[in-house]
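Worksheet for the structure shown next.
The values are calculated or read from the model by the stated rules, or taken from the named source; none is laboratory data. Remember, it's a predicted structure, so these values are computed and weren't measured experimentally. Positions of Cβ are generated from backbone atoms using ideal geometry, with glycine treated the same way; all protein chains shown enter the neighbour counts. Surface accessibility is based on the protein's heavy atoms, side chains included, excluding ligands, DNA and RNA. Shrake-Rupley method; radii C 1.70, N 1.55, O 1.52, S 1.80 Å.
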Amino acid sequence: MDGELYPVIPTWIAVIGVVATVLSPFLALGGVMLGAYLTRKSDRELDVWRHREETMRMVRWAVEQILEGTDAGTDAGVVTLRSLMRSELLQPEDYDLVAALTASVAIDRVGQAAYADIAESDTEVVEGDSAHG
């Protein structure tokens, strides 16, 4: 029993303990960073999806207004499509579809000359307040 009172921890176990103690905060930080990256990526994908859904809802409404045949509806639909083409809401990959649809529907309904006038006008779109729509 010469010095055998306290068991001696093998050196390799002590090294593993020190390494685990030093690395654990860095591993936790890496996990947090990975989680944040995946969350932001998911948020961007969701944002693109929401923009696309809103775009297609507006396109559908505008086409319905144009096809309804009333002068006010046709004008509102064409102005909506033209404004949408200049909007940040429209995704680059959807631009060609909306542009072709705008040209096709608008030219069929309002004629080539009227469409050219509408397409080149600097119409300012003003949003109303809750009392005036």
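A few comments on the model shown:
- Within segment 18-48, being surrounded by 11 or more Cβ atoms within 10 Å (Cβ to Cβ) and closer than 24 Å to Ser87 by Cβ holds for one residue alone: Val48.
- Residue count for segment 61-99 satisfying the condition of being open to solvent by less than 40 Å² (accessible area, probe 1.4 Å) and over 22 Å from Trp49 (Cα atoms): 7.
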